[in-house]
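Okay, structure first, notes after.
The values are calculated or read from the model by the stated rules, or taken from the named source; none is laboratory data. Nothing here was measured: the structure is a model prediction, and the numbers come from that model. All Cβ positions, glycine included, derive from the backbone under ideal geometry; neighbour counts span all protein chains shown. Accessible surface areas use protein heavy atoms only, side chains included; no ligands, DNA or RNA. Shrake-Rupley method; radii C 1.70, N 1.55, O 1.52, S 1.80 Å.
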Amino acid sequence: MSAIIGNTNEKAPIRYDAHLDRIEILFDDKVYEVPRNEDIPVFKFEMINTPIVYVKETNGYYFRLVDGKNQLLKKEKIKLKEIKSSIEPNSLIKEGYIKFEKQNPLYFIKADEKLLQVPKNAKDFVSMYPDRRAELERFIKENNIKIKQEESLIKLVQFMNR
């Protein structure tokens with residue numbers, strides 16, 4: 001997809017390879033991997049509103065769902081799964097093959113050069129911020145926040161940035 005590179009107005013056809021965690025660019029009908037460094041930290045795809053950012057602490061790429069003091073980042077994962085044989089008796093594929101399998105995304109909060117993985121439940125999430133415990137517990141309860149739902153996490157992190 002066409003994307004804006006970094007903090008410029010330059011556009012190029014780019015794709016994100018979630019299996020290898022790399023950004024690839026098409027130039028002169030050849031595909032090149034974009035080097036991992038802080039010089040080009042953001043890629044903004046024109047068709048989707050979620051930029052991909054480079055995080056030097058993990059040397060990887062994440063989708064930034066919320067920007068601000070506390071950034072909500074989403075890590076997409078795809079694994080290769082080897083299938084031993086075809087389950088269809090009339091299939092043309094008789095021997096084993098490999099299939100891409102999308103994993104559940106992981107969510108992280110980046111604040112003050114620290115990257116913290118979002119826990120699976122609200123109680124553990126609140127314990128990550130002991131100085132804001134009561135405020136976060138009240139917000140989670142009043143807004144029926146579900147830590148496992150992306151929309152709820154976005155609301156929660158936006159609240160934390162106020």
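Couple of notes before you dig in:
- Each residue in the range 1-35 was checked for being open to solvent by less than 70 Å² (accessible area, probe 1.4 Å) and among the charged types (D, E, K, R), and 4 pass.
- Residue count for the range 144-153, restricted to those that are surrounded by 15 or more Cβ atoms within 10 Å (Cβ to Cβ) and either under 17 Å from the mean Cα position of the chain (by Cα) or part of a helix (DSSP H, G or I) (or both): 3
- Matching residues, the range 11-44, being within 27 Å of Glu113 (Cβ to Cβ), outside any strand (DSSP E or B) and not β-branched (Val, Ile, Thr): Ala18, Leu20, Asp21, Pro35, Arg36, Asn37, Glu38, Asp39, Pro41
- Test for Tyr61: is it in contact (Cβ under 8 Å) with a residue 40 or more places away in the chain, within 26 Å of Asp112 (Cα to Cα) and surrounded by 13 or more Cβ atoms within 10 Å (Cβ to Cβ): yes
- Residues of the range 124-140 that are among the charged types (D, E, K, R) and within 17 Å of Phe159 (Cα to Cα): Asp131, Arg132, Arg133, Glu135, Glu137, Arg138.
- Per-region count, the range 64-86, residues open to solvent by 80 Å² or more (accessible area, probe 1.4 Å) and more than 9 Å from the chain's Cα centre (by Cα): 7
- On inspection, Phe139 passes the criterion of being over 17 Å from Gln71 (Cβ atoms), free of Cβ contacts under 8 Å to residues at least 40 places away in the same chain and among the aromatic types (Phe, Trp, Tyr).
- Every listed requirement among (1) more than 27 Å from Ile98 (Cα to Cα); (2) of a type in the set (A, V, I, L, M); (3) assigned to a strand (DSSP E or B) is met by Met47 save one, (3).
- Any hit, the range 88-107, residues being crowded, with 17+ Cβ neighbours inside 10 Å, modelled with pLDDT of 95 or more and part of a strand (DSSP E or B): yes
- Positions within the range 37-47 being touching a residue at least 24 places away in the same chain (Cβ under 8 Å) and either open to solvent by 50 Å² or more (accessible area, probe 1.4 Å) or among the aliphatic types (A, V, I, L, M) (or both), in sequence order: Asp39, Ile40, Val42, Lys44, Glu46, Met47
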